[in-house]
């Protein structure tokens, strides 16, 4: 019984150690959600809340492509402009230009990154930043505030198709500026 367990343990360990020894022949880096043709092209982070997830693709010695984002080691130069964590997520620290380097074994790749408007971030864009939140949470669906009469005196355009209507309704609302809508009093009046 012990011999079988030992053989099974060895069989499971061999593929893992063989995989660890294979190092990529070359690497390419790009911003997440961009095309492969954009690998190595400059990225721009606007404002202190911006984030950039880089994706590292390894070309293995046999020519196969593999995602190497979690296995690569990251650095940025000059220091103090970007912080890059172990997963390849870049966070701006101050305005300026930096280069993110990803490395694995002897293979390295870089991508230039520019940080803009760190001190003076742009204003919130309601149609591009707020309406998607309403849509994700279902607030502007037909069963909630997106129905024709709204709900509890608050109306949003159905599924965000008319962001101008939603913006004007939001700004004219009695709840404008409140972080959460007021709740009716539960105290009974005598």
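A short reminder: the numbers here are calculations on the coordinates, not readings from a lab. This structure is a prediction, so every number in the text was calculated from the model and none was measured. We place every Cβ from the backbone using ideal geometry, glycine too, and count neighbours over all the protein chains shown.
Only a single item in (1) surrounded by fewer than 14 Cβ atoms within 10 Å (Cβ to Cβ); (2) under 16 Å from residue 119 (Cα atoms) is not met by residue 93, and it is number (1).
Here is the figure for segment 122-139: residues that are under 28 Å from residue 94 (Cα atoms), over 18 Å from the mean Cα position of the chain (by Cα) and surrounded by 13 or more Cβ atoms within 10 Å (Cβ to Cβ) total 2.
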